[in-house]
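One structure is given below, encoded as structure tokens.
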Amino acid sequence: MKKVLLIATGGTIASDKNEKSGKLASGVLSGEEIIEKCAIPTDIQVKVDSLFQKASIHLNFSDLIKIKEKLDNYLRKEAFDGVVITQGTDTLEEASYFMHLISNYKIPVVFTGSQRSPKEVGTDSYINIKNAVLAACSEELRDIGVTVVFNERIFHSRYVRKEHASNIQGFNAFGYGYLGIIDNDTVRVFQKPIYREYLELKRDLPTVDIIKVYMDADGKYIQAAIDSGVKGLVLEGVGRGQVSRAMMPAIKECIRKGITVVITTSAVEGEVYPTYDYEGSTYDLMENGVLLGRDYDSKKARIKLLVGLASDVELEHLFDM
């Protein structure tokens with residue numbers, strides 16, 4: 001018999017209507033209440049721990065570290081074939097990648113959530129949990145890090161992004177695709193990553209902010225970030241990683257003050273590259289000490305930078321993988 005640990009943290013997947021407003025209250029239902037209706041195969045035992053009952057936008061890195069500590073405690077005492085973590089979808093792409101970076105488990109760790117509450121017509125809550133449990137039992141998903149299961153598809157946490165605000169096809173991995181599918185209770189894996197990321201946390205997580213680049217942008221938000229005491233800054237540039245030249249003085253001040261700056265692109269596919277040579281180009285940024293964030297989107301780059309700053313990794317090589 002397979003054995004899966006399920007950590008429930010709230011979200012739409014655990015929501016119910018607020019009788020006064022008629023709107024959804026996130027994280028009302030416990031994991032124990034939900035798992036009863038998921039039609040888990042009888043040869044799989046699921047142990048449920050309802051750790052939090054929060055909207056995912058209320059989760060923070062301290063909560064995620066508590067989840068990691070909870071997993072460590074369970075896995076020291078009991079043998080599990082895999083782990084499922086349920087949460088809201090709004091921060092699922094960030095939380096799953098953070099967990100991927102800070103954990104080094106051999107067994108599959110699978111995040112899932114839902115776009116519709118358990119009591120709505122056509123809810124995806126129960127099927128997503130069931131499929132996540134099936135994926136957590138898959139030998140083919142061992143030792144590849146954290147994945148996300150949604151709408152019968154298996155995504156790697158490194159590239160998964162929320163693509164729709166409400167549709168049950170809520171997640172995608174643009175340019176890279178999904179690793180596999182769950183079809184009629186059968187897990188089929190088509191591709192796997194060829195390397196594994198792991199960064200051991202050594203210090204408290206620093207503050208890292210994201211600033212978006214747009215036409216005629218200036219440096220006021222960068223200056224505000226400097227004044228607030230950030231340790232890292234991710235710039236979501238345009239195209240190959242350009243910023244407006246009016247941002248360059250503030251960017252240079254960041255570098256002078258020892259603030260690590262990473263440039264990414266707002267494009268859905270492709271990576272930053274020093275193609276052009278003009279003020280505010282990727283080449284100009286690189287020459288002034290800014291790290292190239294390759295094909296990372298700004299949210300994932302922020303996650304990797306703050307974890308990198310809290311570990312002993314050489315920052316100039318942080319985005320090599």
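Quick one: if the Förster radius is 41 Å, what FRET efficiency do TYR276 and GLU163 give, using the C-beta to C-beta distance and rounding to 0.05? Spell out each step's value before the answer.
Details: r = 30 Å, r/R0 = 0.72.
Calculated value: 0.90.
How would you rank HIS164, HIS156, going from fewest to most other Cβ atoms within 10 Å of each one's own Cβ?
HIS164, HIS156
Given a Förster distance of 35 Å, report the FRET efficiency between ARG196 and LEU51 from their Cβ-Cβ distance, rounded to the nearest 0.05.
With a Förster radius of 35 Å, E is 0.85.
Give the shape of region 2-189 as rounded, prolate or oblate, defined through the alpha-carbon gyration tensor: a ≥ b ≥ c are the square roots of its eigenvalues, a/c under 1.5 means rounded, and otherwise the shape is prolate if a/b is larger than b/c and oblate if not. Display every interim value, and only then the final one.
On the way: a/c = 1.31, a/b = 1.22, b/c = 1.08.
Since a/c stays below 1.5, the shape of region 2-189 is classed as rounded.
Please work out the FRET efficiency for the pair ASP312 and LYS119, using the Cβ-Cβ distance as r and a Förster radius of 45 Å; give the result to the nearest 0.05.
0.40
Measuring from label point to label point, each 7 Å out along Cα→Cβ, what is the MET1 to LYS212 span in nm?
5.0 nm
Tell me the Rg and the Dmax, in Å, that the Cα atoms of the chain produce.
20.5, 63
Tell me, in nm to one decimal, what length is gained between ASP204 and ILE255 on full extension, where the rule is 0.36 nm per residue of separation less the Cα-Cα distance?
So the extension gain works out to 16.2 nm.
Based on the Cα atoms of region 208-321, what semi-axes does the equivalent ellipsoid have, where each is the square root of 5 times one gyration tensor eigenvalue, given in whole Å with the largest first? The partial results should precede the final answer.
Values: eigenvalues 68, 57, 31 Å².
Rounded to whole Å, the semi-axes are 18, 17, 12.
Would you work out the charge dipole size for the chain about its Cα centre, treating the Cβ of every Lys and Arg as +1 and the Cβ of every Asp and Glu as -1, and quote it to the nearest 20 debye?
On the way: 40 positive and 45 negative charges, 116 e Å.
It works out to roughly 560 debye.
Kindly count the pairs of lysines across region 208-320 whose alpha carbons are less than 22 Å apart, treating pairs on different chains or eight or more residues apart as eligible.
Within region 208-320, the lysine pair count is 18.
Using alpha carbons only, how many angstrom separate the centre of region 134-161 from the centre of region 62-130?
About 11 Å separates the Cα centre of region 134-161 from the one of region 62-130.
Percent relative contact order of the chain, based on C-alpha pairs within less than 8 angstrom and at least six residues apart?
Taking the mean separation of contacting Cα pairs over the length of the chain, I get 13 percent.
Simple spin-label model, 7 Å along Cα-to-Cβ: GLN223 to GLU33 in nm?
5.1 nm
Extension gain ARG76-ALA246, at 0.36 nm per residue separation less the Cα-Cα distance, in nm?
Working: separation 170, 0.36 × 170 = 61.20 nm, distance 5.32 nm.
Length gained between ARG76 and ALA246: 55.9 nm.
Each value in this text was obtained by applying a stated rule to the coordinates, not by laboratory testing. Keep in mind the model is a prediction, meaning the values are calculated, not measured. Quick reminder, even Gly has a Cβ in these numbers, built from the backbone with ideal geometry, and neighbours come from all protein chains shown.
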